[in-house]
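Remarks on the structure that follows.
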Amino acid sequence: MHFSAAVARALAAGRPVVALESSVFAQGLPEPANREARDRMVRAITRHGAVPAITAVARGRLVVGLEGADLERFLARDGIVKVAARDLAAAATLGADGATTVSASLVLAARAGIRAFATGGIGGVHRDAPFDESSDLIELSRNPVVCVCAGAKAILDLRATSERLETLSVPVIGFGTDWLPEFYCAGATIPVAWRMDSAEQVARLFERHLALGMTSAVLVGNPPPEGSGLAPDEIGAAVAAALRELKSAGIAGREVTPALLASVERATGGRSVATNLALLESNADLAARIAVALAAPEKNR
Ligand code: PSU
Ligand code: MN
């Protein structure tokens, strides 16, 4: 693994680091929204004195802290493949440029000793698609990292996703909410077992989780910021249209999630992208506060 100088220094000194995925920049968002997402997430993290670490496979090198010309290729979205956890070794062996999904990012973050990670929405169980379940779920079950997200994308079967998280022993915390966030909106259909209202509480929970020998991630569901979400009716209609488009285009496999996100964007006249940017920034901010709380020396608590 290759670390950027800033990430290597921070890890060596025990200072807070927040890992970020790169698939959201190379596949999840169009240009120039992906650049805006990068800027807003990085600023939200550095504002708290934490160091951002974008994970990726850059020309076959496993990178923690993607920067410079490498990062530029990913933002230009040119010839970048989507890399889940199972693809990491192949992309490295073949010298590919690979953008890491949540699953691959969790593996790299855990290996690097990074304990906080921010994304938009995790992958999960797809609707009407037997056996299409994101590897994000299984990797959440075996990489001990605090994963801050706005729940799972509304394009998924959220109830099934929530049940799978239980089976996989991944604790789900509602941050300032009693409901599982639904990515484009706060959500009020699937209750979460535990609610927490401060980054400090999440950090203490995670320490206990590790002390018990638990190996799973802790999933923190952070609703999109007030006023940035879409109305449930609009989301319902956009998701239905996206699923119809998917079926008629015969898309399968790893193309499914990017295709669904792009159709929702078209169906909402681009408004879903504004929501996506707001929640990515908010999740990066919360992950940074959790990373700071995890790095705080005992005597300051
Ligand atoms: N959340 C977003 N945008 C995205 C994704 C999540 O706001 O682009 C990506 C993440 O990288 C996630 C992936 O891990 O979609 C899930 O893809 P799949 O369903 O193929 O596992
Ligand atoms: Mn899939």
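At a glance:
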quantity	calculated
Complete set of residues in region 103-150 that are of a type in the set (Phe, Trp, Tyr) and within 21 Å of Ala252 (Cβ to Cβ)	Phe131
Failed condition for Cys185, given (1) away from ligand 1 (no atom under 13 Å from the Cβ); (2) over 26 Å from Arg271 (Cα atoms); (3) in contact with a Leu (Cβ under 7 Å, 6 or more places away or on another chain)	(2)
Residue in region 38-46 that is away from ligand 2 (no atom under 16 Å from the Cβ), not acidic (Asp, Glu) and not in a helix (DSSP H, G or I) present	no
Residue tally, condition open to solvent by less than 10 Å² (accessible area, probe 1.4 Å), in a strand (DSSP E or B) and within 11 Å of ligand 1 (Cβ to nearest atom), over region 120-159	6
Leading residue by the ranking (farthest from ligand 2 (Cβ to nearest atom)) among those in region 258-297 that are open to solvent by less than 30 Å² (accessible area, probe 1.4 Å) and among the β-branched types (Val, Ile, Thr)	Ile290
Close pairs (6 angstrom Cβ cut-off, 6 or more residues apart or separate chains): within 16 Å of ligand 1 (Cβ to nearest atom) in region 3-30, in a loop (DSSP other than H, G, I, E, B) anywhere	Val18/Ala50; Ala19/Ile114; Glu21/Thr119; Ser23/Thr101; Val24/Gly120; Ala26/Arg77; Ala26/Ile80
Which listed residue is open to solvent by 10 Å² or more (accessible area, probe 1.4 Å), touching a residue at least 60 places away in the same chain (Cβ under 8 Å) and of a type in the set (Val, Ile, Thr), from Thr215, Thr167, Thr177	Thr215
Of the criteria (1) touching a Phe, Trp or Tyr at 6+ places or on another chain (Cβ under 8 Å); (2) surrounded by fewer than 17 Cβ atoms within 10 Å (Cβ to Cβ), which one Ile190 fails	(2)
Region 228-251, residues that are touching a residue at least 24 places away in the same chain (Cβ under 8 Å) and within 15 Å of ligand 2 (Cβ to nearest atom)	Ala242, Leu243
Hits in region 178-198 (condition: among the hydroxyl-bearing types (Ser, Thr, Tyr) and either assigned to a strand (DSSP E or B) or farther than 20 Å from Asp157 by Cβ (or both))	Ser198
Among residues of region 27-50, those that are under 13 Å from Asn276 (Cα atoms) and either in contact with an Asp or Glu (Cβ under 6 Å, 6 or more places away or on another chain) or open to solvent by less than 50 Å² (accessible area, probe 1.4 Å) (or both), counted	8
Filter pass, Leu62 being surrounded by 16 or more Cβ atoms within 10 Å (Cβ to Cβ) and within 25 Å of Leu261 (Cα to Cα)	no
Any hit, region 97-119, residues being closer than 24 Å to Phe206 by Cα, within 16 Å of ligand 2 (Cβ to nearest atom) and surrounded by fewer than 20 Cβ atoms within 10 Å (Cβ to Cβ)	no
Count of region 223-250 residues which are assigned to a loop (DSSP other than H, G, I, E, B), surrounded by 14 or more Cβ atoms within 10 Å (Cβ to Cβ) and not polar (S, T, N, Q)	5
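The values are calculated or read from the model by the stated rules, or taken from the named source; none is laboratory data. Please read these numbers as outputs of a predicted model, since none were measured by experiment. Neighbour counts run over all protein chains shown; Cβ positions are idealised from the backbone, glycine included. For accessibility, only protein heavy atoms count, side chains too; no ligands or nucleic acids. Shrake-Rupley method; radii C 1.70, N 1.55, O 1.52, S 1.80 Å.
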